[in-house]
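One structure below.
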Amino acid sequence: MRVVIARDYEDLSKKAATFIAMEVRSRPESVLGLATGSTPLGTYKELVRMHRKGLDFSRVVTFNLDEYYRLAPEHPQSYHNFMNENFFNQVNIKKSNVHIPDGLTSDVDKFCAEYERTIKQKGGIDIQLLGIGRDGHLGFNEPGSSLGSRTRLKTLTEETVRDNARFFSNPDDVPRLAITMGVGTILDARKLLLIASGGAKAEAVKASIEGPITSQVTATVLQLHPHVICVVDEAAARLLSRRDYYTYVEKVAATVQENAHI
Ligand code: GLP
């Protein structure tokens, strides 16, 4: 696992966007797994900036991690709306290449199986962007989620409902259920890119990177994946025991790369 410690949120956003842009440049038909929440906002902003300078999304295919159950795509707090506003409407992505779970589906099981099939049909996810909940969840895979789980309906914890209430004008409107890719679905992506910012995420980051693997903190499965990059800012990295080593590794890697160009 590669742990990159960014100076601050801006630096984190630039670094995360650079990893995604590298993927898109090397394979213009890349399949991107995308995330919502406040953390990826800066990453999307940076990708939009790169698009204005020529980064092409015309052949890119995307799959979002999750969507609230029974929230219409037009709802201001739906993840459909979030993605359109903050990313899709500002780049040249084809709407037919965009996939986000349908919170209004009348047959959840059928829809979820179809979502999984579509990911496979498109060749699988090349790089999956991930935020992290304060309880260490990925997508909406709350504590106790099977580490082999696939896309399905999930009940949100009280903590997650409370955390998400800040986006809703009436806290009672926060959905209690969501359709989310499973932990197993996430692990199938070729690369994982986790981003975390701020002191409120420090415990979840510490547990995920350095703690024992457990379904109680679903992000600990990152440790099982062969290609993970965690970009965390100073505040989120605060509790990491091996932060000096992670910084050293990045320095050594940069030196090796520089020498390779000589
Ligand atoms: C929700 C999303 C997650 C996201 C988390 C943290 O639970 N389903 O994908 O990682 O919120 O969001 P934020 O970045 O706003 O802290």
For the stretch 47-75, name all the residues that are hydrophobic (A, V, I, L, M, F, W, C), within 16 Å of the ligand (Cβ to nearest atom) and open to solvent by 10 Å² or more (accessible area, probe 1.4 Å). 71
Go through 196, 178, 204, 165 for me and flag whichever is crowded, with 20+ Cβ neighbours inside 10 Å and farther than 25 Å from residue 3 by Cα. 178
Enumerate the pairs (first residue in the stretch 191-205 and at positive phi; second residue anywhere and open to solvent by 30 Å² or more (accessible area, probe 1.4 Å) and not aromatic (Phe, Trp, Tyr)) with beta-carbon separation below 6 Å, excluding pairs fewer than 6 apart on the same chain, so at least 6 apart or on different chains. 198/235
Show me the helices (runs of 4 or more DSSP H) found entirely inside the stretch 179-262 where at least 3 residues are within 30 Å of residue 107 (Cβ to Cβ). 183-187
For the stretch 152-204 the number of residues that are at pLDDT below 95 and within 21 Å of residue 226 (Cβ to Cβ) is 0
Members of the stretch 21-46 that are open to solvent by less than 10 Å² (accessible area, probe 1.4 Å) and within 16 Å of the ligand (Cβ to nearest atom): 32, 33, 34, 35, 40, 43, 44
Within the stretch 1-24, residues more than 17 Å from residue 48 (Cα to Cα) and of a type in the set (Asp, Glu) come out as 8
Give the stretch 76-87 a look and list any residue that's open to solvent by less than 30 Å² (accessible area, probe 1.4 Å) and either under 23 Å from residue 50 (Cβ atoms) or in contact with a helix residue (DSSP H, G or I) (Cβ under 9 Å, 6 or more places away or on another chain) (or both), or say none. 79, 83, 87
From the set of residues in the stretch 116-158 that are more than 15 Å from the ligand (Cβ to nearest atom) and free of Cβ contacts under 8 Å to residues at least 60 places away in the same chain, which is least open to solvent (accessible area, probe 1.4 Å)? 118
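Can you report the number of residues in the stretch 88-114 which are over 14 Å from the mean Cα position of the chain (by Cα) and either surrounded by 23 or more Cβ atoms within 10 Å (Cβ to Cβ) or at pLDDT below 95 (or both)?
2
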Identify all residues within the stretch 168-196 that are in contact with a Gly (Cβ under 7 Å, 6 or more places away or on another chain) and more than 27 Å from residue 9 (Cβ to Cβ); write none if there are none. 179, 184, 188
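The values are calculated or read from the model by the stated rules, or taken from the named source; none is laboratory data. Please read all numbers here as calculations on a predicted model, not as lab measurements. FYI the Cβ positions are ideal-geometry reconstructions off the backbone, even for glycines, and counts take in every protein chain you see. Just the protein is used for accessible areas: all its heavy atoms, side chains included, with ligands, DNA and RNA removed. Shrake-Rupley method; radii C 1.70, N 1.55, O 1.52, S 1.80 Å.
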